[in-house]
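The next block holds one structure in the form of structure tokens; read it before the comments.
Since every read-out is calculated from the coordinates, none of them should be taken as a lab result. The model shown is predicted, which means the values in this text are computed figures rather than measured ones. We place every Cβ from the backbone using ideal geometry, glycine too, and count neighbours over all the protein chains shown.
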Amino acid sequence: MIEDLIKRRRSVFPVQYIDKEIAKADIERILEAANWAPSHRKTEPWRFKVLQGESQEKLGLFLSLKYMETESKPKEIKVKKLIENPKKAGAIIAICMQRDPNESVPEWEEIAATAMAVQNMWLCATEMGIGSYWSSPGLVKYMDEFFELATGEKCLGFFYMGYYEGDIPEATRGAIEDKVVWG
Ligand SMILES: Cc1cc2nc3c(=O)[nH]c(=O)nc-3n(C[C@H](O)[C@H](O)[C@H](O)COP(=O)(O)O)c2cc1C
């Protein structure tokens, strides 16, 4: 049942990842799922940049240097995490949004459509036994220095992926009844 998959989807963090590569064909399957998200006026604003191997390491170095450069009192533990976490992933997909040049829909709709594409990837990865999560550090605002971004293209974070060991984290939600008004 689709509801079981939806409830099984968890944020699985790099600390749980094992050293196992994710095959290109599997990443392509996840990206194909992303591509079936809905978008207002069919703008299909989601853009992805797949990082594997050496580029993961480069991302970690970039983020840690940027953090040290922009933080008045950088914390050593955070620097270490920024360097180490990307290396632990089986692959990282940078989540980007391409603003429609005609601005035919509001920006929030483009971000919403991109987020729906990410949910598709997340559910697909869950089904495939790949742990994943959306990382959105404040440092994403500097990603135009790392990637060549097109005009109107923004980076909204990183989709970390990795095969993992151990149980998926426990999760709870507040009751839906508290979030719904009927009639
Ligand atoms: C747009 C978005 C951005 C997120 N950014 C981060 C992040 O930067 N760091 C983090 O640890 N988790 C991040 N998360 C994951 C949430 O913390 C996680 O989804 C939430 O705790 C619920 O847990 P679950 O995904 O296992 O159900 C993000 C989730 C979303 C939807």
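Within segment 87-160, the proportion of Cα pairs with more than 22 Å between them is 27 percent. The relative contact order of segment 58-183 comes to 31 percent, based on Cα pairs under 8 Å that sit 6 or more residues apart.
If you take the Cα atoms of segment 46-126, find Rg, then find the Kirkwood Rh from the mean of 1/r over all pairs, what is Rg/Rh?
Numbers: Rg = 15.8 Å, Rh = 14.7 Å.
Expressed as Rg/Rh, it is 1.08.
Note on the chain: dipole from Cβ charges, positive end direction compared against GLN119, GLY183, GLY157; the farthest Cα belongs to GLY157. Neighbours of PHE13, meaning other residues whose beta-carbon lies under 11 angstrom from its beta-carbon, give a summed charge of +3 when Lys and Arg score +1 and Asp and Glu score -1. Under a Cβ-Cβ cut-off of 13 Å, what is the net charge of the residues other than GLU145 that fall near it, where Lys and Arg count +1 and Asp and Glu count -1? Every neighbour counted, the sum reads 0.
Taking N as the number of residues in the chain, what is its alpha-carbon radius of gyration divided by 2.2 N^0.38 Å? Mind showing how you got there, number by number?
Numbers: Rg = 17.4 Å, N = 183, 2.2 N^0.38 = 15.9 Å.
Taking N as the residue count of the chain, the ratio is 1.09.
Taken about its Cα centre, segment 1-90 carries a charge dipole of roughly 320 debye when the Cβ of each Lys and Arg holds +1 and the Cβ of each Asp and Glu holds -1.
Is there a quick way to get the dipole size of segment 7-165? I mean about its Cα centre, with the Cβ of Lys and Arg at +1 and of Asp and Glu at -1; what is the value in debye to the nearest 20?
Details: 23 positive and 23 negative charges, 117 e Å.
With Lys and Arg at +1 and Asp and Glu at -1, about 560 debye.
Evaluated at q = 0.27 Å⁻¹, the base-10 log of the normalised Debye intensity for segment 6-70, with identical point scatterers placed on the Cα atoms, takes the values -1.22.
If each DSSP helix of 4+ residues adds -39,500 (n - 2.57) and the sum is divided by the residues in the chain, what number results at 222 nm, nearest 500 deg cm²/dmol? That comes out to -12000 deg cm²/dmol.
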